[in-house]
Amino acid sequence: AQSVTQPDIHITVSEGASLELRCNYSYGATPYLFWYVQSPGQGLQLLLKYFSGDTLVQGIKGFEAEFKRSQSSFNLRKPSVHWSDAAEYFCAVGAGGTSYGKLTFGQGTILTVHP
Amino acid sequence: DVKVTQSSRYLVKRTGEKVFLECVQDMDHENMFWYRQDPGLGLRLIYFSYDVKMKEKGDIPEGYSVSREKKERFSLILESASTNQTSMYLCASSLDLAGGQHEQYFGPGTRLTVT
C-alpha cells in the first residue's frame with residue numbers, strides 16, 4: 001500500500017520569499033503524484049500533477065514541483081510567495097491501474113504568509 | 001468546468017440521529033469518494049464507488065454506509081451519529097482511466113457537528 005508523508009505541519013514565510021513544501025511517498029512502482037491546495041472553508045483545488053515524462057512539472061498560480069525517484073520525493077516550490085497563497089497544502093499519491101482512482105493523502109502543511 | 005456539489009455546508013445533528021450527506025457531480029464521472037478531514041490527519045477515505053450500486057470500503061468505514069443509485073449522486077449515511085463523527089466531510093469524483101489515474105475533483109465540504 002502507498003503512503004505519503006508531509007514532514008512540515010506548519011510553515012511561515014514572508015511575502016516575496018521563496019517556498020518549498022516537502023512531500024515523501026512510499027510506493028513500489030511509478031506513482032501518480034498530485035499537489036492540492038485548500039483555502040479556508042473550501043474544498044481542494046488541484047495545483048499540479050505528475051504522471052510521467054519531465055520530472056519538473058508546472059502548475060497553476062506559479063507553483064512547480066519536482067519528482068525525484070531516488071529520494072521518493074515530490075516537493076512543491078514557488079519562487080515568490082503572495083499573501084493569497086496562505087492555505088493548507090496536500091500531497092497525494094495514486095496507484096493507477098485498477099485502483100479506481102483512489103488517492104492517499106499526506107497530513108497537510110499549513111502555510112502562513114507574513115506581510 | 002467540473003462541478004461537485006454537496007447538499008449542506010454546515011450541519012448540526014444530535015447524537016443518535018441518522019444523517020445523510022449528499023454529493024452530486026455533473027461530469028459523468030465513474031468514480032466517487034467520501035473523505036473525512038480532521039486537523040493533523042489529512043484526508044482519510046471512508047468509502048468509494050466506481051459504478052452505480054458498486055461500493056468499496058476505504059480506510060475508515062466503521063459507522064458509515066453509502067448509497068449510489070444514480071451515476072451522478074453519492075450519499076454518505078451515518079446510521080447513528082456520534083460525537084466522534086464531528087468532522088469536515090469532503091466528496092470527490094474522478095474519471096475512470098484504465099491503467100492510469102485521473103485527478104479527483106472536490107466539493108466544498110460539509111462541516112458536521114454532532115452534539
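Below is a table of values for the structure above.
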| quantity | calculated |
| --- | --- |
| Output for the stretch B:1-54, where each listed residue is buried (at least 20 other Cβ atoms within 10 Å of the Cβ) and in a loop (DSSP other than H, G, I, E, B) | B:H29 |
| Residue within the stretch A:25-34 that is among the β-branched types (V, I, T) and crowded, with 17+ Cβ neighbours inside 10 Å present | no |
| Meets criteria (within 22 Å of B:H102 (Cβ to Cβ), modelled with pLDDT under 95 and in contact with a His (Cβ under 8 Å, 6 or more places away or on another chain)) for A:G101 | yes |
| Filter result for A:E88 (over 11 Å from A:P31 (Cβ atoms) and in contact with a Lys or Arg (Cβ under 7 Å, 6 or more places away or on another chain)) | no |
| Total residues in the stretch B:67-106, condition over 17 Å from B:D38 (Cβ atoms) and within 14 Å of chain A (Cβ to nearest Cβ) | 15 |
| Only one of A:S73, A:S52, A:S39 that is surrounded by 12 or more Cβ atoms within 10 Å (Cβ to Cβ) and more than 11 Å from the chain's Cα centre (by Cα) | A:S39 |
| Test for A:F90: is it within 7 Å of another protein chain (Cβ to nearest Cβ), part of a strand (DSSP E or B), under 21 Å from A:K61 (Cα atoms) and modelled with pLDDT of 95 or more | yes |
| Some residue of the stretch A:99-109 being closer than 19 Å to A:S52 by Cβ, within 9 Å of chain B (Cβ to nearest Cβ), without any contact (Cβ under 8 Å) to a residue 12 or more places away in the chain and surrounded by fewer than 17 Cβ atoms within 10 Å (Cβ to Cβ) | yes |
| Qualifying residue in the stretch B:84-100 (condition: in a strand (DSSP E or B) and either touching a helix residue (DSSP H, G or I) at 6+ places or on another chain (Cβ under 6 Å) or of a type in the set (K, R) (or both)) | no |
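Yes/no matrix, rows are residues, columns are (1) more than 9 Å from chain A (Cβ to nearest Cβ); (2) without any contact (Cβ under 8 Å) to a residue 60 or more places away in the chain:
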residue: B:E22; (1), (2): yes, yes
residue: B:Q25; (1), (2): yes, no
residue: B:N31; (1), (2): no, no
residue: B:G63; (1), (2): yes, yes
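The values are calculated or read from the model by the stated rules, or taken from the named source; none is laboratory data. The shown structure was predicted, so the numbers you read here are calculated from the model rather than taken from an experiment. All Cβ positions, glycine included, derive from the backbone under ideal geometry; neighbour counts span all protein chains shown.
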